[in-house]
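Worksheet: the structure to be examined is printed underneath.
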């Protein structure tokens, strides 16, 4: 089984997660060279993951003769120029989230990869968690009917690296860091062909002495009538909260990806060691996650990306998706600033989606609002008179 | 121990819950007479709860010579005239939620009880759940620092009685039915003296063929900067979802009042009987609640109300609170209609609340953004240069 | 509503729980006098609960002219003589668990109350938790078929008072303290008329420097074939674990009474105050219980006891039940000592219970072992040839 | 990256799980040939997993010139002869659980692989679940102190294939099918060098018309004093229950591997598709598992096995472990039959393990039984007089 040979750009936390995933278990793909601005960090990373080479020369890393795929794990402000370099090298590129700092920037990256025809994947891991993949498949199979509402929440006490806190380098605060995940999760549930129409967002900086938002909540209205709701925070206490909730006309889905996954530990404080990403305590009740790289979606994400390259198809998450996410985040920032709903400005490639609709059942010329099974086996109907608009109860026998 | 003798107005589901609570366990208060528009329903209710009398004469029930407290469990559109009658009778009145169909109506009821000086309690049970009472006490004791965000959610598949569905009689749809609970829960957590400034609400009618909203989501901005978020729906599938989440600068609270309370049952379908309010199924995995009247707050609510009467003090939930809730719901409806943030118009009796604030820690002339304990015992600081605005990491030893 | 006037014996933790329950909410029963060996503790208790009188004279407390019910909340070794005194006074007696230190002692108490004809209730609160009451009712209604197995677990880091640790005063260690709860819970689920036949118990003293067991696990075999399993420990870390699990031929019940009841709090450590009985920490993730006296069964227990007195009927938990529990604990201790199954020696008043049985379904002359619905709608049968004993699969279409 | 080329023996459910794992994600190992007794099932399996060849010739499959590893996924009664064939072929062998039907059979297989020197791995997946691996690592790092008690539970409504139900082919009932998992999980927590001394087991056949046990509970006493407790059933209703609980002197671990892993779905019944292994229903509340092959340990198990082959080391789970598990199951069956504790008869290669012990703290010449932090910051000690054996409380101030 031939695998891919990878150039890894960046040695931060995300580089570790990516490399751990790629080289974990019995994978056939391998990181061949790693780039870091710092020779010291590059060498440490190289040794940590048994990578043949490290370098501080970005272009050399990208153009390394033995690699065919470049993984971009660099700060947001470096994405655009890096992707241009990879496109010039004609290699496949996989870029971490968010794609750009703005939709404009993301759009230019999208144009670059489309113009040069290179394979481009958007590394949105949380759309690939095993729970999400199975849940989305259930939704598509009709298990919960039409999706009416999706809540996606990512909150933790704040990022680990300094550059994340500098909106000039990232494009914003908690929205740009965490909201991008939530938005794309929401899109997967309401349907990627379902146009995001407008956004209402409220942001605030409540705890940290920074210029950008450390808290944000927003509604995204989609063409079908479905509502997406995201909640992001850098001020959450208790670890990292990753939860999604989906409501449909015929069902409900609740997912907890991190703090309550069926693993609970109380320790009086002995022992030591890494508990979980962004855990706040090392004693008392702790909630570790079994296999973080699997639970957070990295394993399935890279499988999809490399399989897509091998099969000559698009991956589940593309640069176009990254661009749409940026466009929604732009609208969120405009909304928060204008203190009003803001339209999503976007070169839309999706379809037109009809509004969620159901044909009301009628009974005896009346509209059936609700039917309830009574303990005695009869059925109680709540009926509406279509002319008067009056409502009344009626209990019937049903066979 | 002398108890109170009660006139119960109304024989719907809420009347059953109220009477079950009042006459449950070893309570010393008793329902003396029950009023229903229907003699048949009145008699059935009387027999069900061993009440001495039932009547179809509203004024006679209110003016019954043996009762000193009137409990109003009637549809919303009857509250105002009923409360006027009780005020005229000079008895204590306890009115179910919502107080009015609009703030204007609620305001007139408030004026009536204040002018006549009768005791008036607002029967907002979900602010009295044992979990909520303990959680609010913990918040006031400082356990989670300053409250930054509260989510309150009440969703189920729709009410049991016809009149609930008729906005002309109720004042609206899911907001007026369920949102009133959420709003007052939120107020208890952010502090009742914390002024609700404005509301952004989105409503839709997605499933039921009615004129009013069957789904609504909203943000309420409070003077402190805290955000309240309510989610109400008459289209939720899976039973009744009652959850509250509170985030603070130093902690977090999650409460599940109904569907996941530590009681889980799988049944292949044998047996029979009442499972839980608004349960949808009677086989498969079910999640009953131990003691519904206790878990839903009715027990503590009536204890507070009658103790308040006995002690000559105001109850936790007053008609003024009911009026504030109506004012916020009015703003929600205006917001949804105007598709914009709407100010809460309100005769405010609370105080002025300062904005959530924290004095940033400094280190070596730099602002400390975050401190993290490293596995080796050292501390990583993320620092911001107050002049340049640049961020950097610094690892230090701490004693 | 006339209530009862109570003599409370004992001012330990259980006395506080009992009095808090009796005088909580809108109860009509009142503690009139409290007895303590220590005048100081008695006075403090009296003031804490607004009780008219305290005394150090046990007989005076029991014979107080204004009380009609005596609640025994004294250490185990004082139960027998106290109950004799109450019997002499001719008052109703409610005695805390365990009834005796041995079945012999319990038997004598049972004889005393039966001979004198006084009302006697066994205060086994955990059989009255709202979840247990509802679960037992579901089981009796057939929701889970025939009960095959019950696990009851009570573990915590050890009792609060010195006398609990002295087996000479209590009759044993964790079994006598906690096992009595578990055994009676198990009996309620398998049916009180289902004779406990024999016990296998393993005990050990693993952590505390005491002579009695701080850990014990046991199986109780009932006449029907059902197995009860109890797990008790004074060495559990993480708070107080109260869980019951019931398996039946048609369903399953899981109950968590304390550590996971839908209330979760993370606190960085600010604030203060009582969290929960036997909580170990006051920071990090905490799991408070809403209303402890309700959730632990005290409210429903006293309602049943006083209602039983008023109605002239036996309560759910009688002295005979307490005697059966002691007989099972005696067997457990004998089993542990003999390292073998030990018969339960008991003056059995229950009925004979037939063995759990089901008539096997047959198909085409073969015994149906299992039927599974296949994704394509067909049914897979696993069949056993009654002659050869061979097993095979067969897939059939069913209408 | 060179992978391994595999002969897969067997096309049942376990063959599907194994092959799904091996060929899932970006694995470098591949199944080259599959053997089935049935040409039809072999061909279907081959096509389902894109395997180059299928055959009905067992020896040909084992001796296939292109494979270096043989995975045995055949019924228990075929293990011994198959392993002899693989040993003769000189290839690495990975055998599904249980190793043998009896310890004697397992011992002969162990001898065979040790005599011929081939690599032999015992495919005990549930010891490799990501949660278990992390939990065992935490225990070894001291997070919960000395392990005192482990509960391992595997229950479901019964196996899918006919041969499982025939004790002549398998060696028993639910113990041989499920108990083998639990026993090895327990051993991993108490320490594999901790000798299993004796077993008390109770079995019964309560629901299915079979000759072997469909329910069993047991205690295993280890040399350290730790107790292992397993609960296995083929009569559980509600799906597949896989839970482990570990108690230690300084902490607690609870793991839920299947029914409550943070993924909850309610569906009114639309849609279709595979929910989860051994799910019982397809509507109402469902609890799917994200990635079953990962959550059930298959991924980490095969990684360990193939890495062990590559690195020339023993895997975590060896044939010796399989033999120990069989020896404990033999003791369980003997115990159930004799209705008494039964010694584990075993050629023990482990070490001697000292008893769990702690040196009691003393205070003022008294033994400290327990210390509790009081709300006022003082500390309450429960002390035991070493001479008289009397216990008393003492409250002290501590700095």
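Just so you know, all these numbers are worked out from the coordinates, no wet-lab data involved. These figures come from a predicted structure and were not determined experimentally. All Cβ positions, even for glycine, are placed from backbone atoms using ideal geometry, and neighbour counts span all protein chains on display.
Taking 0.36 nm per residue of separation and subtracting the current Cα-Cα distance, fully stretching the chain between residue D:388 and residue D:168 would add 73.2 nm. Summed over qualifying helices (DSSP H, 4 residues or more, each -39500 (n - 2.57)) and divided by its residue number, chain A shows a 222 nm mean residue ellipticity of -8500 deg cm²/dmol.
The DSSP beta bridges internal to the protein assembly as shown are antiparallel in roughly 65% of cases.
Binning the C-alpha pair distances of the stretch A:103-256 at 10 Å intervals from 0 yields a P(r) profile of 11, 35, 35, 18, 2 %, listed from the shortest bin outward.
Legend: translational diffusion of the stretch C:89-145 by Stokes-Einstein, Rh = Kirkwood radius over C-alpha pairs, 10 °C, 1.306 mPa s; D = 118 µm²/s. Between 0 and 90 degrees, the angle of helix B:298-311 with respect to the longest Cα principal axis of chain B falls at about 80 degrees.
Across B:68, B:310, B:204, mean-square fluctuation computed from a Gaussian network of chain B (C-alpha pairs under 10 Å connected) peaks at B:310.
So if I average 1/r over every pair of distinct C-alpha atoms in the stretch A:1-160 and take the inverse, what Kirkwood radius in Å does that give?
On the way: mean 1/r = 0.0583 Å⁻¹.
Here the Kirkwood hydrodynamic radius works out to 17.1 Å.
Computed FRET efficiency, Cβ-Cβ of residue C:81 and residue C:20, R0 45 Å: what is it to the nearest 0.05?
On the way: r = 27 Å, r/R0 = 0.60.
Efficiency for this residue pair is about 0.95.
Annotation for residue A:385, label-to-label distances across the other copies: 7.2, 7.7, 8.7 nm (shortest first, one decimal, point 7 Å from Cα along Cα→Cβ). Sorted from shortest to longest, the distances between the residue D:60 label points of this copy and the other copies are 5.6, 9.6, 10.1 nm, with each point 7 Å from Cα along the line through the beta carbon. Alpha-carbon geometry of the stretch D:1-96: the Rg and the Dmax are 12.0, 36 Å, given in that order. Relative to the longest principal Cα axis of chain D, at what angle does helix D:13-23 sit, 0 to 90 degrees, rounded to 10? For helix D:13-23, the angle is close to 90 degrees.
Model label points for residue C:379 and residue C:359, set 7 angstrom from Cα along the Cα-to-Cβ axis, are 1.7 nm apart. Working note: Cα gyration tensor of the stretch B:280-337, eigenvalues times five, square-rooted, sorted largest first, giving semi-axes of 30, 26, 5 Å. A Cα-only calculation for chain B places Rg and Dmax at 23.9, 80 Å. For the stretch B:288-374, the spherically averaged projection of the C-alpha convex hull amounts to 13.7 nm².
Expressed in units of 2.2 N^0.38 Å, where N is the residue count, the Cα radius of gyration of the stretch B:149-197 is 1.35.
Comparing D:299, D:136, D:379 in a Gaussian network model of chain D (Cα springs below 10 Å), the most mobile by mean-square fluctuation is D:379.
Rg of the Cα atoms in the stretch B:19-62, relative to 2.2 N^0.38 Å, amounts to 1.14. When chain B is turned onto chain C, the axis of that turn runs closest to one Cβ of chain B, and that residue with its distance in whole Å is B:28, 2. For chain A, the relative contact order is 16 percent, taking Cα pairs closer than 8 Å that sit 6 or more residues apart in sequence and dividing their mean separation by the residue count.
Dividing the convex hull volume of the alpha carbon atoms of the stretch B:127-168 by its residue count, what do you get in Å³ per residue?
Numbers: hull volume 5.5 nm³, N = 42.
Considering the Cα atoms of the stretch B:127-168, their hull volume per residue is 131 Å³.
In degrees, nearest 10, range 0 to 90: what is the angle between the Cα axis of helix D:319-338 and the longest Cα principal axis of chain D? The two axes meet at around 70 degrees.
Given the convex hull over the Cα atoms of the stretch C:249-399, what projected area results after averaging over all orientations, in nm²? Before the final figure, lay out each step's value.
On the way: hull surface 78.5 nm².
If you wrap the Cα atoms of the stretch C:249-399 in a convex hull and average its projections, you get 19.6 nm².
With Cα atoms defining each centre, the stretch B:67-82 and the stretch C:20-69 are spaced 40 Å apart in the structure.
Note on the protein assembly as shown: Rg/Rh from C-alpha atoms, Kirkwood Rh, equals 0.96.
Bridges between two residues of chain D, per DSSP, are antiparallel at a rate of about 65%.
If the viscosity is 1.002 mPa s and the temperature 20 °C, what Stokes-Einstein diffusion coefficient in µm²/s follows for the stretch A:200-245 when Rh is the Kirkwood radius over Cα pairs? Before the final figure, lay out each step's value.
On the way: Rh = 12.1 Å.
Roughly 177 µm²/s, to the nearest whole number.
For the residues A:103, A:61, A:84, a GNM of chain A with alpha-carbon springs under 10 Å puts the largest fluctuation on A:84.
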